[in-house]
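Take a look at the structure below.
The values are calculated or read from the model by the stated rules, or taken from the named source; none is laboratory data. Note that the structure is predicted; figures quoted are calculated from it, not measured. Virtual Cβ from ideal backbone geometry, glycine too; neighbours counted across all protein chains shown. Areas reflect the complete protein model, heavy atoms only, side chains present, ligands, DNA and RNA absent. Shrake-Rupley method; radii C 1.70, N 1.55, O 1.52, S 1.80 Å.
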2 protein chains.
Amino acid sequence: MSDTHVTAPTQYIEVDGDRFAYRRWGKPSGVPLFFVQHFRGGMDNWDPLITDGLAEGREVILFNGRGLASSSGTPRDRIEDMADDIAAVIRALGLEQIDLLGFSIGGIQAEEVVLRHPELVRKLLLIGTGLRGGEVAVDPKVPEVATHPVPALEDFLYLFFGRSEAAQEAGKAFWERRHQRVDQDPPSSPELMMAQAEAVAVYSPLRPGETPYVYLNAITQPTLVINGEDDVMIPSINSWHLAQNIPDAQLIIYPDAGHGAQFQYPERFLKHAVQFLDE
Amino acid sequence: MSDTHVTAPTQYIEVDGDRFAYRRWGKPSGVPLFFVQHFRGGMDNWDPLITDGLAEGREVILFNGRGLASSSGTPRDRIEDMADDIAAVIRALGLEQIDLLGFSIGGIQAEEVVLRHPELVRKLLLIGTGLRGGEVAVDPKVPEVATHPVPALEDFLYLFFGRSEAAQEAGKAFWERRHQRVDQDPPSSPELMMAQAEAVAVYSPLRPGETPYVYLNAITQPTLVINGEDDVMIPSINSWHLAQNIPDAQLIIYPDAGHGAQFQYPERFLKHAVQFLDE
């Protein structure tokens, strides 16, 4: 019997003195797909419909970064250190190359993985994410909601989904799917939240004299950039800038959707992702 | 034996005193897909790989507008009149509803068809196109090349394709495909070119007091907007504006590609278009 999102056991791999939690399942063929999650999120914040759908054609690997939920250690407070941790985990798993999917802060980490460890990544998926020097969200409600001690359904409906009734219903359906697994991780700690917030704050400004976005020209991997048309957390125009500056990047934008567009349109996203990965 | 791009006979239908040339083939199921071509282009400027690929799941209909190539009549010099002609041809063919694919000036016509005759269109594909009040191309080489008396391969390689060697090779492969049919249409006339140029010039400026792009909010059809990342004819950012203002529009942008991105990546485009039409 093969594993699924709800049955794949949580495993641990030791890297540099800490134990990183991960789950790995799917069809062992080709290049595995490695997932890096959003602000404060871990393995149980993914959508089973997406992970199991992708696992039909490849192995999928979910993981928690250092100090996040079921992983031990002191949370990283720099994006570059998070990226190096990801590379170390990939190598510790004995993998030569992966496809890398990063969502939100996970996308920024994924960009740094390909810039710092390009040999490890075959293809790159960047979802609801940004880039150094990008445009920032202006509504003060965003940081207020995103830092609630215990993120609730209503918070995700506001932060991740479109404003129509259909979009909000899709958000609730996602919420139910993501709770299907019984043995969920503990929530990540306030320390992890503070460390990730610091990492984003330090990473985001352009460096002195830097021309916006040209650093992305160094990414040679085929890349798929996806977002909703109105992302309240990381403005959608940043996805345009990503695709304009990563040489081999496709851009896909979904209507009536926000930061978590892939969770709102899981079947549509799945087909787009599979087409990209199999091409 | 079923027809294909190279064998489908040229037929004619009379509308309002003129004979419109069209070709129609494919699987007779569901809603036919109606194609509206670029500046000066007609039925033989499409890519057989795309038309035949789409014809596997539906009927496809190519046509020439009034006074274009094998169609009789005085060329239209207003976008709205071209749109009304398209609606009249669809009705004359006995069709209640179509999916509508417009490329470049054909895209602008398609937008006016859905605005003026919304009941005729189920889904809308807008490729390498713009919108009223959009950003305009600034390189004077574009109108110079686009108005060459006899458009040559080199002209299309500049106007339609990316700048890399691979992109240019893909352009040459398209050029060969589009010449596979033996009995090609005559080229369209200088009068047609002048009329289309006048239509675009008159249509493009915002109307007095008009807020940019809000007129697109009235389009209720599911829409797929596609372009290359650097369209020298109609700047790619217009595709962003289309997707931001048509309520149910997806946006897809292809890398290293320009105005004719669908001809550069025909297999990729075909899958995206089929997914959109079948969803």
* Count of region A:260-279 residues which are more than 15 Å from residue A:102 (Cα to Cα) and more than 11 Å from chain B (Cβ to nearest Cβ) -> 2
* Asked: What residue, among those in region A:212-236 that are open to solvent by less than 10 Å² (accessible area, probe 1.4 Å), out of contact with any Leu (no Cβ under 6 Å at 6 or more places or on another chain) and not polar (S, T, N, Q), is farthest from residue A:130 (Cα to Cα)?
  -> A:219
* farther than 26 Å from residue B:257 by Cα, away from every other protein chain (no Cβ under 14 Å) and either among the hydrophobic types (A, V, I, L, M, F, W, C) or in a helix (DSSP H, G or I) (or both), is that true of residue A:191? -> yes
* Asked: Based on what the data block shows, is residue A:144 open to solvent by 20 Å² or more (accessible area, probe 1.4 Å), under 27 Å from residue A:78 (Cα atoms) and assigned to a helix (DSSP H, G or I)?
  -> yes
* Asked: If you take the residues of region A:192-211 that are hydroxyl-bearing (Ser, Thr, Tyr) and open to solvent by 30 Å² or more (accessible area, probe 1.4 Å), which of them is farthest from the chain's Cα centre (by Cα)?
  -> A:211
* Structure fact -> Checking A:196, A:184, A:221 in turn, the sole residue that is out of contact with any His (no Cβ under 8 Å at 6 or more places or on another chain), touching a residue at least 12 places away in the same chain (Cβ under 8 Å) and under 29 Å from residue B:255 (Cα atoms) turns out to be A:221
* Would you please name the residue that is surrounded by the most Cβ atoms within 10 Å (Cβ to Cβ), looking only at residues in region A:1-43 that are over 18 Å from residue A:92 (Cα atoms) and among the charged types (D, E, K, R)? => A:40
* To do: Find the residue count for region A:1-43, including only residues that are among the polar types (S, T, N, Q) and in a strand (DSSP E or B).
  => 1
* To do: Kindly provide the set of residues from region A:70-108 that are in contact with a His (Cβ under 9 Å, 6 or more places away or on another chain), farther than 20 Å from residue A:47 by Cα and of a type in the set (A, V, I, L, M, F, W, C), ordered by number.
  => A:83, A:86, A:87, A:90
* Quickly run through region A:179-191 and pick out the residues that are under 12 Å from residue A:70 (Cα atoms) and open to solvent by less than 80 Å² (accessible area, probe 1.4 Å). => A:184, A:185, A:186, A:188, A:189
* Criterion violated by residue B:163 - all others in (1) within 12 Å of chain A (Cβ to nearest Cβ); (2) touching a helix residue (DSSP H, G or I) at 6+ places or on another chain (Cβ under 8 Å); (3) touching a residue at least 40 places away in the same chain (Cβ under 8 Å) satisfied -> (2)
* Structure fact -> Taking first residues from region B:56-75 that are closer than 16 Å to residue B:38 by Cα and modelled with pLDDT of 95 or more and second residues anywhere that are among the hydrophobic types (A, V, I, L, M, F, W, C) and assigned to a loop (DSSP other than H, G, I, E, B), the pairs with Cβ under 7 Å that are 6 or more apart or on different chains are B:62/B:46; B:75/B:68
* **Filter result for residue A:151 (part of a loop (DSSP other than H, G, I, E, B), within 14 Å of chain B (Cβ to nearest Cβ) and open to solvent by 10 Å² or more (accessible area, probe 1.4 Å))** => no
* Working only within region A:237-279, note down all residues that are open to solvent by 10 Å² or more (accessible area, probe 1.4 Å) and in a loop (DSSP other than H, G, I, E, B). => A:247, A:248, A:256, A:265, A:279
* Asked: For region A:218-259, which residues satisfy the criterion of being among the acidic types (Asp, Glu) and at the interface with another protein chain (Cβ under 10 Å from one of its Cβ atoms)?
  -> A:229, A:230, A:248, A:256
* Structure fact -> Scanning region B:158-171 residue by residue, those open to solvent by less than 80 Å² (accessible area, probe 1.4 Å) and in a helix (DSSP H, G or I) turn out to be B:158, B:159, B:160, B:166, B:167, B:168, B:170, B:171
* State whether the residues of region A:199-215 include one that is among the charged types (D, E, K, R), in a helix (DSSP H, G or I) and either free of Cβ contacts under 8 Å to residues at least 12 places away in the same chain or under 30 Å from residue A:73 (Cα atoms) (or both). => no
